[in-house]
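K.L.:
This structure is in structure tokens; I'll ask about it shortly.
The values are calculated or read from the model by the stated rules, or taken from the named source; none is laboratory data. Fair warning: this is a prediction, and the values are worked out from it, not measured in the lab. Using ideal geometry, Cβ is built from the backbone for each residue, glycine included, and neighbour counts are taken over all protein chains shown.
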Amino acid sequence: MRRFEGKVAIVTGGSTGIGEATVEEFLKEGASVLFTGISERGLGPLKRWTEAGYSVKFARGDHGETEFCRRAVAEAEEAFGRVDFLVNNAADFTAKGIEFEREDWERILAVNIIGYVTMVQAVAEPMKRAGGGAIVNLSSISGYIAQPRRWTYNTTKAGILEMTRCQAMDLAPHNIRVNSVSPGWIWTAVSLEEAGGDRDKWDPIWGRFHLLRRCGEAVEVARPILFLCSDDASFITGTDLAIDGGYLAMGSEGLGEDSYQVVETNR
């Protein structure tokens, strides 16, 4: 039997990248899924999954708007009868340093912080009615480290880590577990754009920041997210799982040339 048969998941920002991979993994495991997206791009995956016979619904809207967050949860419960899982993945990627405008902060906080907490607030009652549930918030390695010209993005990702712990404490009495994941450099539409479409060139360069010497795939984040939602993680809450190929474990010396020589020798 598939792990999530009869269960219902909401995945925000599910039209592309990690979100899209997470929706697909949930569907393969038997869950019904409502996923959100800010543009019509979600219609493509929706068509593909619907034609494959999966139970899936798309809600288009902006997670910077409180009413949309609440409406998405209501639509999921109305369509599928319950809500068991929430994956808070939708994000604003504004990266600004000292050159920021106030509007940059207002936008990124509206989506990455207020949008996340509003979604959790909205799913709490449906999850209580379902007897419990699991929530996974998407943070990042950027929530742990300093990076140049990244005041906005890194601050929100760090905030998500503390938000997760506080949510886990308050929701534990209702059998609702709350965890976060912190991906490293993952191949998504955003990272591919930054690479100018040349993945073969940039994967080994960016890979030097990871012990595994490569960037990750979206599905390699999606599957651990499903683990945190599953009964296999029934005693895990209030924690962060780094899905980063060893990025955060690496010290200032990096891998070093010797490490590369050993790996090449052992191939």
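Per-residue answers, yes or no, for (1) modelled with pLDDT under 95; (2) assigned to a helix (DSSP H, G or I); (3) aromatic (Phe, Trp, Tyr); (4) within 23 Å of Asp92 (Cβ to Cβ):
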site: Leu171; (1), (2), (3), (4): no, yes, no, no
site: Ser180; (1), (2), (3), (4): no, no, no, yes
site: Pro204; (1), (2), (3), (4): yes, yes, no, no
site: Ala222; (1), (2), (3), (4): no, yes, no, yes
site: Leu228; (1), (2), (3), (4): no, yes, no, no
site: Asp232; (1), (2), (3), (4): no, yes, no, no
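K.L.:
Within 14 Å of Thr22 (Cβ to Cβ), modelled with pLDDT of 95 or more, touching a strand residue (DSSP E or B) at 6+ places or on another chain (Cβ under 7 Å) and hydrophobic (A, V, I, L, M, F, W, C): does that describe Ile236?
P.N.:
no
K.L.:
Which condition from (1) over 17 Å from the mean Cα position of the chain (by Cα); (2) more than 18 Å from Gly115 (Cβ to Cβ) is the one that Ser39 breaks?
P.N.:
Going through the list (1) over 17 Å from the mean Cα position of the chain (by Cα); (2) more than 18 Å from Gly115 (Cβ to Cβ), Ser39 breaks only (2).
K.L.:
Considering Phe93, Phe68, Phe26, Phe100, which residue is in contact with a strand residue (DSSP E or B) (Cβ under 6 Å, 6 or more places away or on another chain) and either under 30 Å from Arg149 (Cβ atoms) or of a type in the set (A, V, I, L, M, F, W, C) (or both)?
P.N.:
Phe26
K.L.:
Still on this structure: Restricting the first residue to the stretch 183-201 and requiring it to be farther than 20 Å from Ser139 by Cα, which pairs with a second residue that is surrounded by 13 or more Cβ atoms within 10 Å (Cβ to Cβ) and among the aliphatic types (A, V, I, L, M) meet a Cβ separation below 9 Å and a spacing of at least six or different chains?
P.N.:
Filtered contacts from the stretch 183-201: Asp198/Leu192; Arg199/Leu192; Lys201/Ala195.
K.L.:
Given the residues Thr36, Thr16, which is the only one that is of a type in the set (Val, Ile, Thr) and touching a residue at least 60 places away in the same chain (Cβ under 8 Å)?
P.N.:
Testing whether each residue is of a type in the set (Val, Ile, Thr) and touching a residue at least 60 places away in the same chain (Cβ under 8 Å) leaves just Thr16.
K.L.:
Within the bounds of the stretch 187-198, is there any residue that is of a type in the set (D, E, K, R), buried (at least 17 other Cβ atoms within 10 Å of the Cβ) and not in a helix (DSSP H, G or I)?
P.N.:
Taking every residue of the stretch 187-198 in turn, none turns out to be of a type in the set (D, E, K, R), buried (at least 17 other Cβ atoms within 10 Å of the Cβ) and not in a helix (DSSP H, G or I).
K.L.:
Moving on. Criterion first (out of contact with any helix residue (DSSP H, G or I) (no Cβ under 7 Å at 6 or more places or on another chain) and either of a type outside the set (D, E, K, R) or closer than 24 Å to Thr188 by Cβ (or both)) does Ala74 satisfy it?
P.N.:
Working: out of contact with any helix residue (DSSP H, G or I) (no Cβ under 7 Å at 6 or more places or on another chain): yes; either of a type outside the set (D, E, K, R) or closer than 24 Å to Thr188 by Cβ (or both): yes.
Spelling it out, Ala74 is indeed out of contact with any helix residue (DSSP H, G or I) (no Cβ under 7 Å at 6 or more places or on another chain) and either of a type outside the set (D, E, K, R) or closer than 24 Å to Thr188 by Cβ (or both).
K.L.:
Among the residues of the stretch 197-212, is any closer than 21 Å to Gly19 by Cα, in contact with a helix residue (DSSP H, G or I) (Cβ under 8 Å, 6 or more places away or on another chain) and of a type outside the set (Lys, Arg)?
P.N.:
So far as the stretch 197-212 goes, no, none of its residues is closer than 21 Å to Gly19 by Cα, in contact with a helix residue (DSSP H, G or I) (Cβ under 8 Å, 6 or more places away or on another chain) and of a type outside the set (Lys, Arg).
K.L.:
Looking at (1) over 20 Å from Ala222 (Cα atoms); (2) assigned to a loop (DSSP other than H, G, I, E, B), can you tell me which one Arg2 breaks?
P.N.:
Status for Arg2: all satisfied but (1).
K.L.:
How about the stretch 19-33: which of its residues are without any contact (Cβ under 8 Å) to a residue 40 or more places away in the chain and in contact with a helix residue (DSSP H, G or I) (Cβ under 9 Å, 6 or more places away or on another chain)?
P.N.:
Val23, Leu27, Val33
K.L.:
Residues being closer than 14 Å to Glu65 by Cβ and modelled with pLDDT of 95 or more: count how many of those fall in the stretch 90-111.
P.N.:
Summing the residues that are closer than 14 Å to Glu65 by Cβ and modelled with pLDDT of 95 or more in the stretch 90-111 gives 6.
K.L.:
Regarding Ala242, is this residue surrounded by 18 or more Cβ atoms within 10 Å (Cβ to Cβ) and part of a helix (DSSP H, G or I)?
P.N.:
Spelling it out, it is not the case that Ala242 is surrounded by 18 or more Cβ atoms within 10 Å (Cβ to Cβ) and part of a helix (DSSP H, G or I).
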